[in-house]
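K.L.:
Below: one structure in structure tokens.
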Amino acid sequence: MLELHVFGPYFGLPDGSPFCIKALVLMEMAGLPFETRRMSFKEAPKGKAPYLKDGGKLIADSHFIQNHLETAHGVDFTGGYSADKLATGWAVARMMEEHMYFLSMNIRWLRDENFWKGPYQFFAPAPAPIRPLIARIVRKKVAKTHHLQGLGRHTAEERLQLAKGDLAAVEALLSKNRFLLGDKPCGADASAFAFIWAAECPYFTSEIGDYIRSRPVLVNYLRQMQERYFPDYKSS
């Protein structure tokens, strides 16, 4: 039995990490029997989730989980699309995972009103007396990462403008397709859906989330993907 190790439900989402939501969608797309487990930092090959346990092998990172499912289990995530369409899907997935992720993460981690009711929950296993201290140390590291990455140097208004650009690119594809590349979902949809859903999460005060909810094409896409891959999911 395949075991997908994730953080678990948070913030009214199936998982607190969009990368884990992506992995959950990939597993559903694969149609292989699997179970979910809470991740262990001691076990995680790269110190993060998701990771997949397949027999005695541990596969870390959602991209390499997808690759493993393709090579070891013969799963086809192409949706039958041509190489040029798949190239578009690859570009969208990278945009979501390497750009939209940081824009959304900034709102969750670096705004007080969001951090203390949101990511602070991740530190619950730490002893109560030192929990706030550990949380502040990690939060400082996140802020430094955002600054070095570059998006942390922009104003909130500028980051919103960048997010709208990412979302406009996805909307342009969805305006003529049911899914990113056509009438069938493919691996790139796992990324686009996961990161848009995470950014839209109404648990957080977020102008990006407000914007997504104002875009009928994006809302319809989220609804379709939720009904397809999380039919029993109910937000809290």
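Values quoted throughout were computed directly from the atomic coordinates according to the rules given, and no laboratory measurement underlies them. The structure displayed is predicted, hence computed values, not measured ones. Neighbour counts run over all protein chains shown; Cβ positions are idealised from the backbone, glycine included.
K.L.:
Are there GluC sites (Glu not before Pro) in the stretch 124-193 that DSSP marks as loop and that have at most 11 other Cβ atoms within 10 Å, and which are they?
P.N.:
Nothing satisfies the criteria.
K.L.:
Quick one: net charge of MET1's neighbours, Cβ under 13 Å, K/R +1, D/E -1?
P.N.:
Combined, the nearby Lys, Arg, Asp and Glu give -1.
K.L.:
Hey, rough spin-label estimate for GLU35 and LYS176, points 7 angstrom out along Cα→Cβ, what's it come to in nanometres?
P.N.:
Placing both labels 7 Å along Cα→Cβ, they lie 4.7 nm apart.
K.L.:
Still on this structure, I have one more. What is the set of long-range amide H partners of LEU2 at a cut-off below 5 Å, with H atoms built 1.01 Å from backbone N?
P.N.:
Counting only residues 5 or more places away or on other chains, the set is GLU35.
K.L.:
Counting only other residues whose beta carbon sits under 14 Å from that of SER62, what net charge do I get with K and R as +1, D and E as -1?
P.N.:
Local charge sum for SER62: -3.
K.L.:
Among GLY31, PHE7, VAL92, pick out the residue whose Cα is farthest towards the positive end of the charge dipole of the stretch 1-117, where Lys and Arg carry +1 and Asp and Glu carry -1 on C-beta, about the Cα centre.
P.N.:
The Cα lying farthest towards the positive end belongs to PHE7.
K.L.:
For the chain, set up a Gaussian network in which alpha carbons nearer than 10 Å are linked by springs, and say which option among TYR221, TYR51, TYR211 fluctuates the most.
P.N.:
Ranking TYR221, TYR51, TYR211 by mean-square fluctuation puts TYR211 first.
K.L.:
Dividing the alpha-carbon Rg of the stretch 2-73 by 2.2 N^0.38 Å yields what?
P.N.:
0.99
K.L.:
Pop a pseudo-label 7 angstrom from the Cα along the beta-carbon direction at both ARG153 and GLN121 and give the gap in nm to one decimal.
P.N.:
3.4 nm
K.L.:
Another one. In whole Å, what is the distance between the alpha-carbon centres of the stretch 183-236 and the stretch 1-63?
P.N.:
The two parts, judged by their Cα centres, are 19 Å apart.
K.L.:
Let me ask you something else. Taking Rg/Rh (Cα atoms, Kirkwood Rh) as the quantity of interest, determine which of [x] 0.93; [y] 1.02; [z] 0.95 was computed from the displayed structure.
P.N.:
Among [x] 0.93; [y] 1.02; [z] 0.95, the one derived from this structure is [z].
K.L.:
Here's a follow-up. Between GLN161 and GLU227, what length in nm is gained on full extension when 0.36 nm per residue of separation is reduced by their alpha carbon distance?
P.N.:
20.8 nm
K.L.:
Considering only DSSP beta bridges with both partners in the chain, what is the antiparallel share in %, to the nearest 5?
P.N.:
Antiparallel: roughly 60 percent of the beta bridges in the chain.
K.L.:
Oh, and also: Using a Förster distance of 22 Å, how high is the FRET efficiency between SER82 and VAL217, based on the Cβ-Cβ distance and rounded to 0.05?
P.N.:
Efficiency computed from Cβ-Cβ geometry: 0.40.
K.L.:
The stretch 100-195: which trypsin sites (Lys or Arg not before Pro) are DSSP loop and have at most 10 other beta-carbon atoms within 10 angstrom?
P.N.:
In loop regions of the stretch 100-195 (DSSP not H, G, I, E or B), the sparsely surrounded trypsin sites (Lys or Arg not before Pro) are LYS176.
K.L.:
Same structure again: Among rounded, prolate and oblate, which fits the stretch 43-158 when a ≥ b ≥ c are the square roots of the eigenvalues of its C-alpha gyration tensor, a/c under 1.5 means rounded, and a/b larger than b/c means prolate?
P.N.:
Oblate.
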